[in-house]
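Please treat every number below as a calculation from the coordinates, not as lab data. Please read all numbers here as calculations on a predicted model, not as lab measurements. For neighbour counting, all protein chains shown are included, and Cβ atoms are generated from backbone atoms with ideal geometry for every residue, glycine included.
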Amino acid sequence: MKQKLSSIYGILVSDGFFTAVRVANRYVRKRIVQLCLQKHPIATIQTIKIQTRFHPNRTDADPFKSIQVDPQSITHAITDGSASSWGIVESGSWDKEVEQFKERSYCKAIETLIEQGDSDKLERELAQIPDYSSSPRYSSGGIEERVKEIRSLEETMRRHGYRSQEELLSQDEDYHQKAANDPVPAELNEILVDIGRDGEVLYRWCGQNRLRLAQLLGLDTVVVIVARRHSEWQATRDEIRSTNWLDGLDGETSDKLSHPDLQDLNGNE
């Protein structure tokens, strides 16, 4: 919280009052959604679904549907992600303002841990997260405990492959409800992605450890939830949804029918 207030103050000094107000308003709205999801997840999820159905800048898809994608196909990450947005349709250049996922310093630290057994880089990354070691989820040794958890996660994924949150909750609901460390209910704690104008799946938020581990372990699929779609990609969905004859689609659109996000439209889901 202090870090965010400091950031908003910096925007106030550099960009002026109105820009700072817009940023603060966006942050407050996201925090309200996060708190509502934590306290009243079912009611909040239904509210978001209703908003998605009638909002002009929302997708036609179920905002919380999960899809399976090849982890190796997620090569880039957006730079403005959060965990409190679902079903959004947005134009602009945000899908081009990305960074290489595996080149993130945190992802490199995970790679060093797995391939070399060296946890020093990861511990330094975790130490930069505000209040991490004082999280109520951990005792006084928060960073060390988190490293052990990631090691345990690697072993589980190596032995059993990637399992969705639904599968994990069906096995031990109490444990996985408590274990979720992202600001969303455990049921929604899948890897969160955006989809760019050309259908590229971009990492957004949640599940960074799981995604990088899946890539390093060579797993075939991971489960993701789509938070945002570029307006041009949504236009592709709209074209497919409105046609009565898939064979009549133009060649460019027809070539995209195998995309994981379109399986709910072409009868394969």
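Counting every other Cβ atom within 10 Å of each residue's Cβ, His160, His76 order from fewest to most as His160, His76.
Rounded to the nearest Hz, the phi-derived 3J(HN,Hα) couplings of the range 153-162 under the Karplus curve 6.51 cos²θ - 1.76 cosθ + 1.60 (θ = phi - 60°) are 4, 4, 5, 5, 5, 5, 7, 10, x, 8, where x marks glycine and proline. In this simple spin-label model, placing a label point 7 Å from the Cα along the Cα-to-Cβ direction at both Asn57 and Glu167 gives a separation of 3.7 nm. With a simple spin-label model that places each label point 7 Å from the Cα along the Cα-to-Cβ direction, the separation between Glu149 and Gln100 comes to 2.9 nm. Cross-link partners of Lys65 among aspartates and glutamates, defined as those whose alpha carbon lies under 14 angstrom from its own and excluding same-chain residues fewer than eight positions apart: Glu166, Glu187, Glu190, Asp194, Asp261, Asp264, Glu269. On the basis of the beta-carbon distance and an R0 of 22 Å, Asp250 and Gln68 show a calculated FRET efficiency of 0.25.
Multiplying the residue separation of Ser91 and Ile129 by 0.36 nm and subtracting their alpha-carbon distance yields 10.6 nm. When Tyr203, Tyr162, Tyr106 are sorted by how many other C-beta atoms sit within 10 angstrom of their C-beta, beginning with the fewest, the order is Tyr106, Tyr162, Tyr203. Each of Phe101, Phe64 was scored by other Cβ atoms within 10 Å of its Cβ. Listed from fewest to most, they are Phe64, Phe101.
If R0 is taken as 45 Å, the Cβ-Cβ distance between Glu239 and Thr112 corresponds to a FRET efficiency of 0.50.
Residues in the range 191-199 carry Karplus couplings, in order, of 4, 9, 10, 10, 10, x, 4, 9, x Hz; the curve used is 6.51 cos²θ - 1.76 cosθ + 1.60 with θ = phi - 60°, and Gly or Pro positions show x.
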